[in-house]
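Only one structure is covered here, and it is reproduced in the block below.
The values are calculated or read from the model by the stated rules, or taken from the named source; none is laboratory data. Because the structure is a prediction, the values reported are computed rather than measured. Quick reminder, even Gly has a Cβ in these numbers, built from the backbone with ideal geometry, and neighbours come from all protein chains shown.
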Amino acid sequence: MALPEAKKIFDLIIIGGGINGAGIARDAAGRGLSVALFEKDDLGEHTSSASTKLIHGGLRYLEHFEFRLVREALIERERLLRIAPHIIWPLEFLLPHSRTMRPAWMIRAGLFLYDHLAKREFLPASRTIRIKSSATLKPSVKKAFCYADCWVEDSRLVILNAMDAHLRGAKIFPRTKVLSARPDGKIWQLETTEGLFKSRALINAAGPWVSEVLNTTIGRNTTSAVRLIKGSHIITRRLYPERHAYILQNPDKRIVFVIPYEDDFSLIGTTDIPHESILEKPQATEAEIQYLCDSVNRYFKSPITPEDTIWTYSGVRPLFDDHSKSASAITRDYVLELDTASGAPLLSIFGGKITTYRKLAEHALEKLLPAMGQKPGKSWTATAALPGGLIENFPEFERLLRVRNGHLDPANLHRLAYSYGTLTDLFVNQDMGEDFGAGLHQSEVDYLVKQEWARTPEDILFRRTKLGLHTQEDTSEKLSRYLKTKATGLKLLA
């Protein structure tokens, strides 16, 4: 049966609404290209919302001589902190030293490189700490190393990039699957669940599904591939009162982070386990949970057990297959594969990490645009604030937010400031409607539906916010009823 004729030919269509797809859509739209992005599920629903929530250089990658990747990530760390201060902020890490693990000289050498591979504007240099006594660490820990990286609200980073792309003219289609993509001369024709679309170029940014999209959706074979690596995290009640995080060394040479999370909790992760099939939903196994507990118990005075786990989440990292034997040794770098054989350019993205998404987007367009007969133009995303992030003095911004909204709980205003930045003015007012629990009011829900593509309670409670950890069991049900009765009357993004 003939497909209906598409009315418009886009310059670029992107398959995949994770951080790489959203970042490319933003960059391309800002360069004046007409862009459409398709994501089969919610934006950032999979790998991009299942990270350890860090913007970091990757200290342990230095052991594998990934100096270029670490340098690029360290440069990006400072840039992202500047353009998104509402969802990215500095975090201090304490690395307890154990004589049975890496020697102290090796750690000091690694931290020296970490301090000097790229210019630091916001974050302090590393230092060594002598520990006389600690309420958290075992008495056997006498020394620790301290350094700084950054925390990120990972799923919100995806949303803000998609929002900025939309504001610059891109069409964003969450929950819209691309069924097939075939070249017709120099034009791509895509059949989707929303109809037929055409474009002059196609980017495959499907993350763990990149090979499946190539083989099945597009009908291409490639010698490049990804290794699917599952990373699982557990959430417990807060294990210590201090604001810093811990980075713990394990006998298998892997590291595990323990991070203050949502004020009341600790986030512990991650594991590195081969994942056999993308069709299998990633879930934390009993062995992974025990591994993370053992990592903590190796250093902390107060032991934890799997029964202390409140919540778990797992994601599949699509790492470029460099044929490394162990999962932890696989490169976290990315590879861009350009195919122009059909006359219609196709760019596929293998690997990558959340910290370097913006630079990946630049490299992707610098590689693709000449194949489209266009000059790449000037890169711009390194200095342009993401939505809500145009804030010069964040403490002063938060203070004024509290002055303007004295009727609201200060703790909730703190959450809003560090989730939305200046976007809070779009929905924070005197009458915010029904409180669904934990300070989630009707006006915030309406905003998330109208402006951030939220459609389900999970979208709101675990991706746009993390309030699902704080709310009662009936919150999701109440929210579901509200979304069903009210969302259809709201003006939704196209």
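Of note:
- Scan of region 70-87 for residues that are aliphatic (A, V, I, L, M) and either at pLDDT below 95 or assigned to a helix (DSSP H, G or I) (or both), ordered by number: V70, A73, L74, I75, L80, L81, I83
- Residue check for Q290: farther than 19 Å from F93 by Cβ, free of Cβ contacts under 8 Å to residues at least 24 places away in the same chain and not charged (D, E, K, R): yes
- Condition broken by L360, with the remaining ones in (1) touching an Asp or Glu at 6+ places or on another chain (Cβ under 8 Å); (2) hydrophobic (A, V, I, L, M, F, W, C); (3) surrounded by 22 or more Cβ atoms within 10 Å (Cβ to Cβ) satisfied: (1)
- Hits in region 30-69 - residues which are part of a helix (DSSP H, G or I), under 20 Å from D272 (Cα atoms) and not acidic (D, E): T47, S48, S49, L59, R60, Y61, L62, H64, L69
- Selection count where residues are touching a Ser or Thr at 6+ places or on another chain (Cβ under 7 Å) and hydrophobic (A, V, I, L, M, F, W, C), scope region 269-291: 2
- The criterion of at least 1 residues that are modelled with pLDDT of 95 or more and surrounded by fewer than 18 Cβ atoms within 10 Å (Cβ to Cβ) is met, among strands (runs of 3 or more DSSP E) falling completely within region 162-221, by 178-184, 187-192, 195-204.
- Taking every residue in region 107-125 that is in the same structural domain as C146 (by TED's automatic domain parsing) and pairing it with any residue that is charged (D, E, K, R) and modelled with pLDDT under 95, at least 6 positions away or on another chain, the pairs with Cβ-Cβ distances below 9 Å are G110/R60; G110/E63; G110/R102.
- Residue count for region 121-166 satisfying the condition of being among the basic types (K, R) and within 28 Å of G21 (Cα to Cα): 1.
- Hits in region 268-291 (condition: among the small types (G, A, S), surrounded by fewer than 18 Cβ atoms within 10 Å (Cβ to Cβ) and at pLDDT 95 or above): A287
- Restricting region 30-67 to residues that are under 16 Å from L202 (Cβ atoms) and among the small types (G, A, S) leaves a set whose member that is farthest from the chain's Cα centre (by Cα) is S34.
- Restricting attention to region 411-425, the residues that are of a type in the set (A, V, I, L, M, F, W, C), out of contact with any Pro (no Cβ under 9 Å at 6 or more places or on another chain) and surrounded by 16 or more Cβ atoms within 10 Å (Cβ to Cβ) add up to 3.
- Candidate set: region 410-425, residues that are in contact with a Gly (Cβ under 6 Å, 6 or more places away or on another chain) and not hydroxyl-bearing (S, T, Y); chosen: the one nearest to Q442 (Cα to Cα): N412
- Residue satisfying condition, being β-branched (V, I, T) and in contact with a His (Cβ under 8 Å, 6 or more places away or on another chain), within set T355, T340, T309: T355
- Among the conditions (1) surrounded by 17 or more Cβ atoms within 10 Å (Cβ to Cβ); (2) within 21 Å of T383 (Cβ to Cβ); (3) hydrophobic (A, V, I, L, M, F, W, C), W89 misses just one, which is (1).
- Entry remark, region 228-242: residues being part of a strand (DSSP E or B) and more than 16 Å from A287 (Cα to Cα) number 3 in total.
- Residue ID - nearest to the chain's Cα centre (by Cα), chosen from residues in region 122-161 that are surrounded by 18 or more Cβ atoms within 10 Å (Cβ to Cβ) and aromatic (F, W, Y): W151
- The residues of region 401-411 that are part of a loop (DSSP other than H, G, I, E, B) and either of a type in the set (G, A, S) or not assigned by TED's automatic domain parsing to the domain that holds T424 (or both) amount to a single one, G406.
- The residue that is surrounded by the most Cβ atoms within 10 Å (Cβ to Cβ), among those in region 29-80 that are among the aromatic types (F, W, Y) and touching a residue at least 12 places away in the same chain (Cβ under 8 Å), is F38.
- Yes/no for V158 being modelled with pLDDT of 95 or more, closer than 28 Å to G373 by Cα, in a helix (DSSP H, G or I) and not hydroxyl-bearing (S, T, Y): no
- Qualifying residue in region 269-280 (condition: in a loop (DSSP other than H, G, I, E, B), among the hydrophobic types (A, V, I, L, M, F, W, C) and over 17 Å from K53 (Cβ atoms)): yes
- Residues that are surrounded by fewer than 18 Cβ atoms within 10 Å (Cβ to Cβ) and in contact with a strand residue (DSSP E or B) (Cβ under 8 Å, 6 or more places away or on another chain), drawn from region 292-305: K301
- Search result, residues across region 439-453 that are without any contact (Cβ under 8 Å) to a residue 40 or more places away in the chain and buried (at least 19 other Cβ atoms within 10 Å of the Cβ): G439, L440, H441, E444, V445, Y447, L448
- Scanning region 454-482 for residues that are surrounded by fewer than 20 Cβ atoms within 10 Å (Cβ to Cβ), of a type outside the set (K, R) and not in a helix (DSSP H, G or I) gives T456, H470, T471, Q472, E473, D474.
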